[in-house]
Every structure is written in C-alpha cells, then in structure tokens.
Amino acid sequence: MLQARVGPGVRKRPRPVEAGVQRQGEVKFRDVRLYLVERKMGRSRRSFLTQLARSKGFIVEDVLSEEVTHVVSEDNEAAGLWAWLKGRGLKELPKMQVVDISWFTDSMREGKPVAVETRHCIQDTLPTLSEGSTPTPVATVSQYACQRRTTTENNNKILTDAFEVLAESYEFSEMEGPCLAFRRAASVLKSLPWAVQSLGATQDLPCLGERTKAVMEEILQYGRSFEVEKTLSDERYQTLKLFTSVFGIGPKTADRWHRRGLRSFTDILAEPSIQLNRMQQTGFLHYGDISRAVSKAEARALGNIIDEAGRAITPDAVLAVTGGFRRGKEFGHDVDFLLTTPQRGKEEGLLVNVIDRLKQQGILLYCDYQASTFDMDKLPCHRFEAMDQFPKCFLILRLEGGCVEGGVQRAEGDDRGWRAVRVDIVSPPMERYAYALLGWTGSRQFERDLRRYARMERRMLLDNHALYDKTKEEFLAAETEKDIFAHLGLEYIEPWQRNA
Ligand code: UTP
Ligand code: MN
C-alpha cells in the first residue's frame, strides 16, 4: 500500500540497519537487553519507547537476538505472541523474560530495570509439543517463604494449628530440627489459596516430610491427630506453655521451674527461693491484660499517642507501625513501632525523650530500654536470632478506653476503663530505615527465609541492619523495602502478603 502511494519511479529508501546500535544515552544497565515487539505496538510507538529507554541508560536491541534478556510486548494475545517467538528458532528463549508493557513502564518510572513479577509476565499458554494431554502443572510453590504470598487468610488452619503445637513442643525440648520442619510445613500450607483435602493434593509441595504427612493424613481422615492430642495433654507441655505465657519467662526458665516440680502460678509465687525479676513481676501484675489480644483499633490509638509524643519532641519525627499490624492482622500480642528522625544521630535521643514523655503522662507501666550498640564495622551478623543493635524499648503502656474507638478490649466483669498493652519501639538511624522496617515487619518465618534465601541463593547476608554481598564484598544501600527485594532478585512481596 505504502509503496503504491509513493508512486512509480521513486524507490523507497531502505531503512538503515540498526541492529545492536545504541545511539543516544549512556548505557547504565549492561546486564539487561530489551527487545520491543513491534506487533500491535506499531512502528512509531516502538521507536518512541526505544528512544525513551535508551535515554534512561537501557540497551534496546532492534533485532531479536540470543543476547536479549527481556522481550517486551504490548500484545495481550499471549498465544499469538508465543507462536511468533517460538518461530524465531532462538536457543535462549527459555531464559528470556517475556513481559508485558507494564514491566517497561514500571522500569522507566523507577529509572532502572525492576524485578519481574508474575503480573508482568506473559505466560506461554501454547501446549508443549510432547504428550499432548498432560494438564499444565500448577505453579510450583517455593521452599522459601519470601517467594510465596501469604495473606492472613489461612485455608488450612486445622493443619497448621496442629503443626504449630508440635513445633512448639519441640522448641520446649530444644530440638531445633523437628521444630523448624513443622514450622516450615505450616508456613507452606498457610500460603495455599486452597484447602488441602487429600494427601495427594500436597504431592508437589515443598517442605512436607514423612512426619508432617503422617499428621496431615490422620487429620484429613479422622479430623484429629493422635500425636497432637498426646502433646496437648502432656503435663510438661501444658506447664511450659502456661509459664512462657508470662511476660519475662522464656522456655529455659520455664523448664527449670518445671524440673523443680512447680506446676502453677501459685507454685511459683509461693516458692520463697524464687526471686522474680522486674520484668516477670510486671508480667504477673498485668497478666490478664497482656495475655489478651490487642485489637487494630487499640494499635491505632497507641500509634496516635506515640506519634504525638514524637512530634512534640521533633516535628520531623517519623513513626511507622510494623509487626503483625503492618501485615494486616486484626489482632496481635503487642504493637510494634519504628520511630526515627531524618536528623542524623538524633534518633536515640528522640526515643529516650518519647519514653520520658509517656512517663510524664502517667501511662508508662513498664520500660525496658536498650541503648544502641550499633556499629557498622561489626556487620554483617551471621546469626539470625541475634537481637538487632538499634536503640529500642519494650514497654507496657496504660491505654485509656476513651482513646480507643469502641473502647478497650476487656475481660468479663472488668470495669476499669483502661488496659495494659505491650508495645515495642525501635529507633534505627534513617539510612537503616528500610532494613529495620523489613526486619520488624515479620513474620518470623518470612524473615528466617529471607535470610536463608539471601545466604543460600545469592551469597548475601541479610539482617535488620544491612545486606552484604559476599561476592562483591560490599554492603548494598537501600532506601525502600523494594530496593532490598530487588538487590536479592526477589519479586516484591507486600507487607500483607508476608504472613508466612
Ligand atoms: P513480634 O514478636 O511482635 O511478632 O515481632 P508479630 O509478627 O508482630 O506477631 P504478634 O501479633 O505481635 O504476635 C515482630 C517482628 O519483629 C522482629 C521479629 O523478628 C518479628 O519479625 N523483631 C522483634 C526483631 O527483629 N527484633 C526484636 O528485638 C524483636
Ligand atoms: Mn508484634
């Protein structure tokens, strides 16, 4: 058509060959080579997008070669696109990311290639050439919680509750291996958007060993597990569970007291040789309140109180809720906050002053303050459970019913109009904000697997302070959680998807 309009005698000039020629802009991302598919996009839009990407430092290939890493298409008809791609005879096609224009747009906005997420991918829907009728396998579930999306909706609560009882019982016996095995299994089942109905359905899932499967089989068949029931009725398990429910009593102390024959709170309190520390005394004093769940409304009210205290000290105070409430949970055992200021070195003073203010307000019932031991030279830390080194405090606050929408959670017959609540506040320096936020958002299993993934899959060390690349021998800077996921080559997981 075009040629016909040009008319006889005027030969259309052939387009110059531009293969692999990067004309404008300096190359910033050598590991990434884009190819924009012209189909549906059209030539002029393709050329516009090519220039845009090159101006931002991306390499854009004009020809689809084996070197291309990202094939970007605006074609939303996947089958047609894949048929065309497969017709190119490319050996490296299975390694290429075939992505939708949304990945391109996100990358242009961020000024760098963003991690490819499922929503960006154009899935190959063409049947494989072998064995025509095998069903397409369900997306494989990763063994790492940081590669799974786990909301607060748990479709397998009966099974995961059972696993957690067993995990806890092994924790009381300091048997780390089986404890972790049951925790991992529970975490995998929590991520499933479906309820397990038969053992067969779990065949392709990771982290489910013989023992977890045996427990599952019993529950699926009889609705209960012998092993779990035996544990629940075990006297030692019950006692340790009771003792560790007190703020300040850990598994070691609980076990020691159990071995001395103590079985109840009365036994402990009546034993003259036992000197409770301040934390344990407070734990007993506020036992009823602290063991009652904290609601979202209560968490919000506490956020307002601490935010106000922070701003009264410095107007640029920054407060963020972390822990379970940031992950969208309705209830928690405490409320976790991150409090800081953009002023370098002022975060520790800010926290101390906030604590002082809470005291003056008469609402500080207990405070365990831990000053900063942060020293960048001592990083990275190889132990996961190691405490972080930021200034922080473990508090018990008095929350007045009037501050909470709908009042405070009360026990039956309680007419005090207030309750005690456990609150944790951590104050990292601003340049550590992203790492501290990621570390304190949890869940514990999510954090454990982030660190394990970093170590095993990326030769990197992650903790609440930093990410260290052992190959490059350097620390990786991050302003946001997204930066950290990108450094790890992980798809970004939203906080509400981290309930692993
Ligand atoms: P929590 O124990 O408060 O758990 O620790 P949670 O997920 O909020 O659940 P509930 O509702 O309170 O029971 C929150 C996160 O903070 C981290 C933990 O690893 C967890 O991921 N954390 C806690 C630290 O990193 N350091 C600490 O000193 C304490
Ligand atoms: Mn918490």
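Laboratory data are not the source of any read-out in this text; all were calculated from the coordinates shown. From a predicted model like this one, the values you see are computed outputs, not experimental measurements. We place every Cβ from the backbone using ideal geometry, glycine too, and count neighbours over all the protein chains shown.
Taking the C-alpha atoms only, the angle from helix 347-360 to the longest principal axis of the chain is near 40 degrees. Only DSSP H runs of four or more residues enter the estimate; each adds -39500 (n - 2.57), and after division by the residues of the chain the mean residue ellipticity at 222 nm equals -11500 deg cm²/dmol.
How about the range 170-261: which GluC sites (Glu not before Pro) there are in a DSSP loop, with at most 10 other Cβ atoms within 10 Å of their Cβ?
Glu174
Residues Leu450, Leu488, Leu166, arranged from fewest to most other Cβ atoms within 10 angstrom of their Cβ, appear as Leu488, Leu166, Leu450.
Count the lysine pairs in the range 120-271 that are 8 or more places apart or on different chains: how many have C-alpha atoms under 21 angstrom apart? Taking the Cα cut-off of 21 Å, the pair count is 8. Between Ala79 and Glu174, the modelled labels are 6.3 nm apart [label points 7 Å from Cα along Cα→Cβ]. In the chain, the longest principal axis of the Cα atoms and the axis of helix 43-55 are about 50 degrees apart.
When the inverse distances between all different Cα atoms of the range 187-311 are averaged and flipped, the Kirkwood radius reads 18.6 angstrom.
Under 17 Å of direct C-alpha separation, and excluding same-chain neighbours fewer than eight residues apart, Lys392 reaches these lysines: Lys346, Lys359. Entry note, the range 193-350: relative contact order of 14 percent, from Cα contacts under 8 Å with a spacing of 6+ residues. Return the percentage of antiparallel bridges among DSSP beta bridges fully within the chain, rounded to the nearest 5 %. For the chain, the DSSP antiparallel bridge percentage is about 65.
Each of Phe337, Phe243 was scored by other Cβ atoms within 10 Å of its Cβ. Listed from fewest to most, they are Phe243, Phe337.
Of the residues Ala201, Ala309, Ser47, the one whose Cα sits farthest towards the positive end of the charge dipole of the chain is Ser47 (charges of +1 on Lys and Arg Cβ, -1 on Asp and Glu Cβ, taken about the Cα centre). Measuring nothing but how far apart in sequence close Cα pairs (under 8 Å, 6+ apart) lie, relative to its length, the chain scores a relative contact order of 12 percent.
Entry note, the range 153-250: relative contact order of 28 percent, from Cα contacts under 8 Å with a spacing of 6+ residues.
For a straight C-alpha distance cut-off of 19 angstrom, the lysines reachable from Lys86 (same-chain residues fewer than eight places away being disregarded) are Lys40, Lys95.
What is the distance in Å between the Cα centres of the range 40-56 and the range 283-352? What the calculation gives is 47 Å, centre to centre. So the label point goes 7 Å from the Cα of Tyr369 along Cα→C-beta, right? Which residues of the range 340-355 then have their backbone N under 16 Å from it? Flagged as within label range: 340, 346-355.
If the reach is capped at under 17 angstrom between alpha carbons, list the aspartates and glutamates near Lys378, excluding any in the same chain fewer than eight residues apart. Once the sequence-local aspartates and glutamates are set aside, what remains near Lys378 is Asp388, Glu431, Asp463, Asp469, Glu473, Glu474. The C-alpha atoms of the chain define a longest principal axis, and helix 157-172 lies at about 60 degrees to it.
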